[in-house]
Amino acid sequence: WFVGLHSRHEETAPSVRKLSDSPMIATTSPEKPRKHTAPQAAFDEATDTRVVVDVFYHTYAGPTEEHQIVSRRVVQQQLEYLGQASQQNRGFKFILHYTSVGNATVLSPDWVQSLCREYSNNTLSCLHLGHMDQGHEESTLQQLHSHCRSVDDNAKKKQEHLVVYIHSKGAFLHKEAPAIQALNEKWMPPLTLAPITPACLASLLPKTAGQHHSTPVCNVCGLQFYPMWSLFYPGNMFSAHCSYVSQLLPVHDYATQMQELATQIRSMKPRSRQNQQSTFPDTIWTHMGYKNSDDHYGVGRYSNEHWVGSHPQIRPCDMTPAHQTRLFSQLPPDEVQRIFEQSDSLVQPAPRVPLFQGKWYRFRPGQMKNLVDTAVLQNHQRPHSYFLLPGILYRMYKLYANSSKAFPPPQDSWIWDYYPHGQVWKDKIDLATRKGNLQIESMIW
């Protein structure tokens, strides 16, 4: 199994017990989080002109002594990065909200708070959202989502309210696979540093020229944006604008709908010679290109990684100038930090590598090229490719068509230019919209 692309949610215990009775978390479990709120650094919203960046941090500590050593090392390093970012200031005010999972004594609030003070010179507010004995990343992601939805409607706060999501990648000890453990620990520094880099955060804010405010370049930013086989940030760490995050489905609802959709889609295979009487649903999709696995369909634990890229309005930025996911993992962390701090030009709208020029993980260019050519020959009729633009649009439609002004993607979306036959699918949707038939999916697919 290749962990260079998916995090495998290392920062979690094997089973899930969700936070409950918390105003920021949708859950079904009766367990209450054990909360501890640390003193906040002085921050006067009326006079402080810095942009607030709320960082949501999911931490994990395993049961064994070896796990605990690794967990503390990872958390200590990530808090040092956050403390340094807080001290540098640069127009951003960081506030850390963290959830702890696993062994409660290892990452105690007192220990975390002492590191916050030490590494940030008392400039970083660190708030403990609660502890779970068991849990996955969706608990902290939902905290982030609920926070953005609760942001005051004040125009200025809306315009400049940013969030970051990070997790203690590498804290789950892969004793049986030391090579994987080493790769994850090398990948953690660039994953953590990218979304809190000033250039990444600045890409989410409008540019001001006199009295005019331009639209932000992007609404999500991270180390690398992936356009295949779904839209996501490998490793699942990112910064985002609250105005975008608040439009996403709640994390649990998204996971449920993706599971229902995957169950439906996996049965929608092209008609075979043995089944010439197949009805409409059985003829929509071809699944060629990627194998039938949960990570490709974004279900189970993988839904957490696909969540932030699921909305039709996404405008991604990233910091990786090539398609290699592990590009910055090959450098010492100090060198990565220096490059990120001094190279504002690294942050660009993504994806920046053309689809058929990228050596995407598991990407089969020959097979995908055949799918593209076949679509032309059959005049873009069924079966459509689920892992190319038809499937991406279909997922967006099923998830967000009922949301106000969410679907379809905007006229100037990068999606139409990036994927093969973008204009064909744009015209299809435009025609259905003009006829008032957008809700009739057979008109499009």
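The values are calculated or read from the model by the stated rules, or taken from the named source; none is laboratory data. Everything numeric in this text was worked out from a predicted model, so none of it was measured. Positions of Cβ are backbone-derived with ideal geometry, glycine not excepted, and every protein chain shown enters the neighbour counts. What goes into the accessible areas is simple: the full protein's heavy atoms, side chains included, and nothing from ligands, DNA or RNA. Shrake-Rupley method; radii C 1.70, N 1.55, O 1.52, S 1.80 Å.
Of all residues in segment 26-82 being charged (D, E, K, R) and part of a loop (DSSP other than H, G, I, E, B), which is modelled with the highest pLDDT?
Here the answer is ARG50.
How many residues are in a helix (DSSP H, G or I) and either among the small types (Gly, Ala, Ser) or open to solvent by less than 10 Å² (accessible area, probe 1.4 Å) (or both) if we restrict to segment 83-106?
Of the residues in that region, 3 qualify.
Quick check on LEU388: is it of a type in the set (A, V, I, L, M), in contact with a Pro (Cβ under 8 Å, 6 or more places away or on another chain) and under 30 Å from GLU185 (Cα atoms)?
It is false that LEU388 is of a type in the set (A, V, I, L, M), in contact with a Pro (Cβ under 8 Å, 6 or more places away or on another chain) and under 30 Å from GLU185 (Cα atoms).
Under 8 Å between Cβ atoms, at least 6 apart or on separate chains: pull out the pairs that start in segment 303-331 with a residue that is of a type in the set (Val, Ile, Thr) and end on any residue that is open to solvent by 20 Å² or more (accessible area, probe 1.4 Å) and assigned to a loop (DSSP other than H, G, I, E, B).
THR325/TYR361
Among (1) in a loop (DSSP other than H, G, I, E, B); (2) modelled with pLDDT of 75 or more; (3) exposed (fewer than 14 other Cβ atoms within 10 Å of the Cβ), where does GLU260 come up short?
(1)
What is the residue count in segment 71-82 for residues that are over 18 Å from VAL336 (Cα atoms) and surrounded by fewer than 19 Cβ atoms within 10 Å (Cβ to Cβ)?
Within segment 71-82, residues that are over 18 Å from VAL336 (Cα atoms) and surrounded by fewer than 19 Cβ atoms within 10 Å (Cβ to Cβ) number 2.
For segment 338-389, how many residues are free of Cβ contacts under 8 Å to residues at least 40 places away in the same chain, under 22 Å from SER442 (Cα atoms) and either surrounded by 20 or more Cβ atoms within 10 Å (Cβ to Cβ) or among the basic types (Lys, Arg) (or both)?
Count: 1.
Only one residue in GLN367, GLN378, GLN357 is over 23 Å from ILE284 (Cα atoms) and of a type in the set (S, T, N, Q). Which one?
Within the list GLN367, GLN378, GLN357, the selection yields GLN357.
What helices (runs of 4 or more DSSP H) lie completely within segment 131-229 and have 2 or more residues being modelled with pLDDT of 85 or more, polar (S, T, N, Q) and farther than 30 Å from ARG362 by Cα?
So the answer is 138-149.
Of the conditions (1) farther than 12 Å from LEU162 by Cα; (2) in contact (Cβ under 8 Å) with a residue 40 or more places away in the chain; (3) touching a Ser or Thr at 6+ places or on another chain (Cβ under 6 Å), SER230 satisfies every one except a single condition; which number is it?
SER230 satisfies every listed condition except (3).
Before we move on, is SER404 surrounded by fewer than 17 Cβ atoms within 10 Å (Cβ to Cβ) and over 30 Å from PRO189 (Cβ atoms)?
yes
I'd like the full set of residues that are open to solvent by 50 Å² or more (accessible area, probe 1.4 Å) and not in a helix (DSSP H, G or I), limited to segment 422-445.
LYS435, GLY436, GLN439, ILE440
Looking only at segment 368-390, count how many residues are out of contact with any strand residue (DSSP E or B) (no Cβ under 6 Å at 6 or more places or on another chain) and small (Gly, Ala, Ser).
Qualifying residue count, segment 368-390: 1.
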